[in-house]
Structures are given as structure tokens and as C-alpha cells.
Amino acid sequence: HSLGPRNDEIAARPDLTVPTLTTVRGILSNLEAPIISTLVQRSALTTNPSLYQPSESSPLLHYIHTQELEAQKLHRFDYGRLEYPFTLPLISPDHASRANPFPPGRFHQDTFSRNANLTAFYTTTLVPLLASITTSTPFFYHLSNSTQNDVAALTLDAQLLALMSHRAHIGKIVAESKFAANVSGYTPLIYRRDASAIRTLLTNVTQEESVLTKAQAASRALASAWVSAGALVPSSFVASVQGAAVKVFRELIDITTQIEVEYLLQRLD
Ligand SMILES: O=C(O)C(=O)C[C@]1(C(=O)O)C=C[C@@H](O)C=C1
């Protein structure tokens with residue numbers, strides 16, 4: 001399975017062309033509402049910290065694993081889908097050859113996933129923030145008056161992590177479109193394996209600021225909509241969700257950038 005692609009597997013892989021940078025930025029922007037909506041929903045539940053030990057045997061990762069086994073059968077992690085599992089082996093990388101060339105603009109699968117960084121951020125930074133939003137009336141009601149809803153929380157955690165992961169791994173096609181637009185700029189840096197020069201060339205601080213500003217506005221709008229819709233949330237809810245959303249997008253930009261750099265380092269393999 002993980003011995004690298006077999007020849008028939010490579011031959012079966014389609015030749016996938018990535019969109020231009022403007023279109024890819026639209027694809028990233030289209031993921032902001034679902035990420036923030038899920039974050040808002042998750043913020044209205046209580047948090048049981050024992051589910052989130054930073055380890056591979058945490059209930060969170062166990063729950064994700066059971067979902068991923070089913071998702072794999074439904075092709076969630078197939079070539080070109082830009083969805084990478086947290087608990088299963090990764091798809092094998094592409095290798096260019098005379099028979100199977102990768103001209104600029106063609107997606108080239110690399111060996112990296114940054115999902116471990118996402119779960120580390122989730123468990124060490126985001127979960128404590130979620131836990132501080134003390135929702136005394138989560139939207140699942142139990143006659144026992146228990147406020148604990150572990151499965152409801154884990155379902156949203158899994159969904160939120162999958163969306164964040166998809167967003168970050170779209171960095172691979174951001175990188176391909178930047179490479180295709182500036183082959184002569186990136187090629188020598190790739191041959192020199194100069195990760196920091198590649199990072200400098202692909203970073204766009206203005207774009208980062210615009211992403212963060214939008215995340216702040218979107219989280220205010222979506223969290224306020226919950227209040228207007230009658231959700232029994234604490235008065236600090238909107239501000240807390242906004243703070244969490246900005247942290248999420250700051251982290252997503254950093255991980256997306258790492259994924260772009262790593263993709264380019266392997267682009268000519
Ligand atoms: O839009 C880009 O140019 C990207 O590379 C994506 C992204 C992001 O994650 O939103 C990442 C790094 C850049 O500095 C700016 C934005």
C-alpha cells in the first residue's frame with residue numbers, strides 16, 4: 001500500500017490542471033463561511049477536556065479514525081480531492097518522467113500533510129478557548145440536565161478539522177498556480193532547496209490581512225445571527241467566537257503557507 005504508486009495506479013491518475021490564483025483565492029474564500037459556521041455551532045456546546053489529550057490515542061482521533069475508514073470507501077481521499085486523512089496512510093506522490101510529465105499548471109501530488117499541526121493547534125489552543133465559552137444551556141437537552149454532549153461535540157470537531165484541513169491543503173494548488181505564473185522565479189529556488197526564499201516569494205501580507213479582516217466580520221455576523229435566532233448563549237458569545245475565529249484563520253494561513261512551501265520543494269521530483 002505505502003510502497004509508492006504502482007505503474008497502473010499512476011497511469012490511472014488524471015492530468016489535473018489547477019485554476020488561476022484569483023480563482024483559487026475564491027475557493028479559499030468560499031470555505032470561510034462553513035469553517036466559521038461550524039466553529040459557531042461548536043462554540044454553543046460544552047467541552048469535555050478529557051476527549052482532547054494531545055496524543056494519537058485521544059478519543060478525538062479515535063472518533064475521526066472510525067469516520068475516516070468509511071469516508072475512504074466513499075472516495076473522500078482520492079487523488080486530486082485535496083482532502084487528506086488524519087489517521088490513514090497518505091496517497092502516494094507523483095514522479096515526473098518522460099512518459100508522465102508535469103508541465104507548469106499540472107497538479108503534482110507531494111508526500112506532505114500538515115494535519116498533525118492542525119490537531120496540535122486544535123487541542124492545545126482552540127479547545128481551551130472553546131472550553132472558556134461557558135455555555136450552561138447547550139442545544140442538546142437531556143432530562144438529566146447534564147450539559148455534556150460528547151458525541152455532538154466530537155462530530156463538530158471532526159467536521160471543523162476536516163474543513164480546516166481542506167482549506168490548508170488547497171495551499172498545494174495555490175502553490176501550483178504561483179509556480180505556473182512564475183516558473184523562472186521558483187525553479188532555481190527549488191533546485192537550491194531554499195525553503196526560506198520560496199516562502200518569501202509566495203507570501204502576500206496584504207492578502208493575509210484581507211483574509212483575517214473577512215474572518216473577523218464573518219464570525220461577528222454568524223455568531224450574532226445565532227443570538228438573533230434565539231440561541232441561549234452567554235453575553236460574551238459573539239466576542240469569544242470572533243477571537244477564536246481570528247486565531248483559527250491566523251493558524252490556517254501559517255499552515256497553508258507551510259504546505260505551499262513543501263509542495264514547491266517537491267514540485268520538480
Ligand atoms: O492567497 C495567497 O496568495 C496564498 O498564498 C494563501 C494565503 C492564505 O492562507 O490565505 C497564504 C499565504 C499568503 O501570504 C497569503 C494568503
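For the chain, the longest principal axis of the Cα atoms and the long axis of helix 171-181 meet at an angle of about 40 degrees. Think of the range 73-148 as having a plus end and a minus end, set by charges on the Cβ of Lys, Arg, Asp and Glu; of Leu129, Pro85, Gln148, Pro85 sits farthest toward the positive end of this dipole.
With contributions of -39500 (n - 2.57) from each DSSP H run of at least four residues, the per-residue ellipticity at 222 nm computed over the chain stands at -18500 deg cm²/dmol. Here the range 100-187 is assigned +1 on the Cβ of each Lys and Arg and -1 on the Cβ of each Asp and Glu. Its dipole about the Cα centre then comes out at about 300 debye.
Rg over Rh for the chain works out to 1.01, using Cα positions for both radii and the Kirkwood form for Rh.
May I ask you to work out the translational diffusion coefficient for the range 17-80 at 10 °C, viscosity 1.306 mPa s, via Stokes-Einstein with Rh from the Kirkwood sum over Cα pairs, reported in whole µm²/s? Using the Kirkwood radius from Cα pairs, D works out to 106 µm²/s. The alpha carbons of the range 16-144 give a radius of gyration and a Dmax of 18.8, 67 Å, in that order. Normalised by 2.2 N^0.38 Å, where N counts its residues, the alpha-carbon radius of gyration of the range 156-226 equals 1.48.
Taking the longest Cα principal axis of the chain as reference, the axis of helix 32-43 is set at about 30 degrees. Here the range 1-153 is treated with +1 on each Lys and Arg Cβ and -1 on each Asp and Glu Cβ, and its dipole about the Cα centre works out to around 240 debye.
At q = 0.16 Å⁻¹, what is the log10 ratio I(q)/I(0) for the range 64-140, with the Debye formula run over Cα points and no solvent? Log-scaled intensity ratios, in q order: -0.80. Across the range 262-269, computed HN-Hα scalar couplings (Karplus, 6.51 cos²θ - 1.76 cosθ + 1.60, θ = phi - 60°) run 5, 4, 5, 4, 9, 4, 9, 6 Hz from first to last residue, x flagging Gly and Pro.
Restricting the trypsin sites (Lys or Arg not before Pro) of the range 188-269 to loop positions (DSSP other than H, G, I, E, B) with no more than 14 neighbouring Cβ atoms within 10 Å leaves Arg192, Arg193. Here the dipole of the chain is about 420 debye; that uses its Cα centre as origin and unit charges on the Cβ of Lys and Arg (positive) and Asp and Glu (negative). Expressed in nm², what is the orientationally averaged projection area of the convex hull enclosing the Cα positions of the range 116-269? If you wrap the Cα atoms of the range 116-269 in a convex hull and average its projections, you get 10.7 nm².
Could you point to the residue in Thr206, Leu222, Ser235 farthest towards the positive end of the range 202-257's charge dipole, with +1 and -1 charges on the Cβ of Lys/Arg and Asp/Glu respectively? Of the options given, the answer is Ser235.
Computed from the coordinates by the stated procedures, all read-outs in this text should not be read as laboratory data. Everything numeric in this text was worked out from a predicted model, so none of it was measured. Ideal geometry is used to build each Cβ from the backbone, glycine not excepted, and the neighbour counts take in all protein chains shown.
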